[in-house]
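We did not get these values from a lab; they are worked out from the coordinates using the rules stated. What you are looking at is a predicted structure, and each value in this text was computed from that prediction instead of being measured. Positions of Cβ are generated from backbone atoms using ideal geometry, with glycine treated the same way; all protein chains shown enter the neighbour counts.
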Amino acid sequence: MIPFRAIARVHVEAREVTVELSAPAGAEPSVHRIEEVSAAAAAAFADAVNVLLPAPVEDVDGSALVEVRTFTRTWLQRFRRTLGRVLLGCLGGVLALSVTNAVAGDGPTTVTGALFVAALGALAVVGIGLGAVCVVPWLHETRRRRYGVTVIAEQADGQGTYRYTDGSGTVRAFSHPSPAPSLQACYDPRDPSDVLVLQDRSSRLIDIALGSCFLLAGLGGIAAVVGLVAMTILGRPLLQP
């Protein structure tokens, strides 16, 4: 985001818009370019902005006023999206096992057995999902603490928005539901926009403890489902009339 007070002038050349930022006397001004736009729209945009620009203020570094807000997904957002797809696939596998149990079974308890397999499998998948949500981000945070860059992000523009400055001096913003005036965050030096809010020690211990329990319960449930279906296929179903 480029505030008005950071802009010195907007120039247009064919289908390229160049936003020149204000700079202290004698300093080289920073520029931001927008390429491959409509020539007519670019000209109209430049004229409108240049007319509304306030009088230039000396010794103002416009680059320090620019805030970068990225709309690309962070690692955590990509992980949650991938996990959702994996869990949907697991539920499909549970449904297939339930149908297999119903087809392989024989007798009045066939439907009951298939429903039991489906219910147990669904609970197991939920357990695995909850465990992954706790454990995998914990592992990622542990690695990020070791190799990332830790900064203090300050609340800005009201609750929910925080800003931090990366190693190049760029001010970046992200959203977080915390009401705290500042947060300890850590960003990836290869991609400073990929920022992670760090948890305190007690929250991390709770996550790893609960996550491990959920994962063990979920994996145990999946093993039980596979065992039940295998017993049914072998002609020795657990539920017998």
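Here are a few things to note about the model shown:
- Kirkwood analysis of the Cα pair distances in region 95-147 returns a hydrodynamic radius of 13.3 Å.
- Based on the reciprocal of the average 1/r between different C-alpha atoms, the Kirkwood radius for region 75-233 equals 18.3 Å.
- Cβ-Cβ FRET estimate between LEU87 and GLU154, R0 fixed at 35 Å, reported to 0.05: 0.45
- Estimated inter-spin distance, ALA40 and SER202, nm [label 7 Å along Cα→Cβ]: 6.3 nm
- Mean Cβ count within 10 Å, highest first, over the residues of peptides 212-222, 176-186: 212-222, 176-186
- Footprinting exposure proxy ranking of ARG73, ARG85, fewest other C-beta atoms within 10 angstrom first, gives ARG85, ARG73.
- Given R0 = 41 Å, the distance between the Cβ atoms of LEU76 and ASP106 translates into a calculated FRET efficiency of 0.30.
- Counting neighbouring beta carbons within 10 Å and listing from fewest to most, the residues ARG15, ARG143 come out as ARG143, ARG15.
- Binned Cα-Cα distances of region 131-177, short to long, each 5 Å bin given as a whole percent: 5, 18, 18, 19, 22, 13, 4, 0
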